[in-house]
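Notes for the one structure printed next.
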Amino acid sequence: RGSLDLSGVKVLLNGAEPIRQSSEQMFIDAYAPAGLPPQAVTHAMGMSESTAKIITEPIERYPAKFLHIDQGAYEDNRIVLVRADAPNAIHVASNGSTVLDTEVVIANPDSGDVLGEDQVGEMWVGGTTVAQGYWNNEAGTEAIFRARTTDGRGPYLRTGDLAFIHDGEVYLTGRLKDVIIIRGQNHHPQDIEWTIAPAHEALRPNCAAAFSVTVDEHERLVLVTEVYRHKIVDPEEVFGPVRQAIAEHGLQAYAVVLITPRNLPKTSSGKIQRSLTKKRFL
């Protein structure tokens, strides 16, 4: 860090999944001594299927925008704003809005109905930046690139991302296929993974996957997490705090699996592959 001069940086786009307010502030604080202007950090979201960029915050905005929403309402796919210090508050980052002819709609992923502001659904994208489809994969192209709303609008690219619109800006809240439904209640895996992270010093940060499995016709929670072996004498030292942490979500774990470092499946960009982790668990 001491050899860096970051004073000339104008824009850094944070497209993490998810964007964490605390992580972002730690990054800004870490590189401030190297001259990083804090106003350079802003939010964005993109996909390879849409030439990388879909939405961005205004680059001149500072600080980057976050909403504080009620967790219970959010798990019911509704957005209710609360104070930042409310006991049930969770923080969601604005990923910004579209430019040029790119269009975003929030749709019910099952019916195709277009949802209004402050309703959580799947983010669908249209416009000339969206690719034509997958090479030599007509079935995949039909399923992902040719979605239409119930009122006939489209075609749209189905992103697979859960999102909502508030004051004209898009807020991403998770991956549709990763939502955990237990006793009829929606739970977002990244929230559970984030909750257990500080439970024990042996748990590696950002190296846990939460998902559900069917046991006796009921969905049950499984957690797989990397650990530092040298920080554990007895695995029960870890299991107890993890059980206690997930109890905050009103959940019990069917299984907690401890694995060695660098063995949790991730994409090349570091995103946790929960479906592959589940497949390996099964």
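The values are calculated or read from the model by the stated rules, or taken from the named source; none is laboratory data. As the structure is a prediction and not an experimental result, all values here were calculated from the model. So basically every Cβ, Gly included, is an ideal-geometry build from the backbone, and we count neighbours across all protein chains shown. Remember, those area values only see protein heavy atoms, side chains included, never the ligands or the DNA or RNA. Shrake-Rupley method; radii C 1.70, N 1.55, O 1.52, S 1.80 Å.
Filtering region 62-85 to residues that are out of contact with any His (no Cβ under 9 Å at 6 or more places or on another chain), in a loop (DSSP other than H, G, I, E, B) and not hydrophobic (A, V, I, L, M, F, W, C) leaves 62, 63, 76, 77.
Which residues, counting only those in region 140-154, are closer than 16 Å to residue 111 by Cα, over 20 Å from the mean Cα position of the chain (by Cα) and open to solvent by less than 70 Å² (accessible area, probe 1.4 Å)? I'd like the intermediate steps shown before the answer.
To start, the set of residues in region 140-154 that are closer than 16 Å to residue 111 by Cα comprises 143-144, 146-154.
Now drop any that are not over 20 Å from the mean Cα position of the chain (by Cα), which leaves 143, 146-154.
Passing the criteria: 143, 147, 149, 152, 154.
Residues of region 21-42 that are buried (at least 18 other Cβ atoms within 10 Å of the Cβ) and not in a helix (DSSP H, G or I): 36, 41, 42. If the condition is being open to solvent by 60 Å² or more (accessible area, probe 1.4 Å) and either outside any loop (DSSP other than H, G, I, E, B) or under 15 Å from residue 18 (Cα atoms) (or both), then region 177-219 contributes 177, 181, 185, 194, 205, 206, 214, 218, 219. Regarding region 125-140, can at least one residue be identified that is among the hydrophobic types (A, V, I, L, M, F, W, C), in contact (Cβ under 8 Å) with a residue 40 or more places away in the chain and closer than 30 Å to residue 218 by Cα? Looking for residues that are among the hydrophobic types (A, V, I, L, M, F, W, C), in contact (Cβ under 8 Å) with a residue 40 or more places away in the chain and closer than 30 Å to residue 218 by Cα, one finds none in region 125-140, hence no. Every test in (1) in contact with an Asp or Glu (Cβ under 9 Å, 6 or more places away or on another chain); (2) surrounded by fewer than 18 Cβ atoms within 10 Å (Cβ to Cβ); (3) in contact (Cβ under 8 Å) with a residue 60 or more places away in the chain is passed by residue 45 save one, and that test is (2).
Let's see how each residue does on (1) in contact (Cβ under 8 Å) with a residue 24 or more places away in the chain; (2) of a type in the set (Gly, Ala, Ser):
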site	(1), (2)
214	no, no
226	yes, no
238	yes, no
245	yes, yes
251	yes, no
259	yes, no
264	yes, no
282	yes, no
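Of the residues that sit in region 49-66 and are in contact with a helix residue (DSSP H, G or I) (Cβ under 9 Å, 6 or more places away or on another chain) and of a type outside the set (D, E, K, R), which one is most open to solvent (accessible area, probe 1.4 Å)? The extreme case among them is 62. Can you say whether residue 128 is in a strand (DSSP E or B) and either polar (S, T, N, Q) or crowded, with 22+ Cβ neighbours inside 10 Å (or both), as far as the supplied structure shows? No, not satisfied.
Screening 264, 251 for residues that are in contact with a Cys (Cβ under 7 Å, 6 or more places away or on another chain) and assigned to a loop (DSSP other than H, G, I, E, B) leaves exactly one candidate, 264. Within region 90-110, the set of residues being touching a Lys or Arg at 6+ places or on another chain (Cβ under 9 Å), open to solvent by less than 20 Å² (accessible area, probe 1.4 Å) and more than 14 Å from residue 65 (Cα to Cα) comprises 102, 105, 107.
Would you mind finding the one in 169, 122 that is open to solvent by less than 60 Å² (accessible area, probe 1.4 Å), within 25 Å of residue 48 (Cβ to Cβ) and free of Cβ contacts under 8 Å to residues at least 60 places away in the same chain?
Working: 169 fails: free of Cβ contacts under 8 Å to residues at least 60 places away in the same chain.
Checking each option against the conditions leaves just 122.
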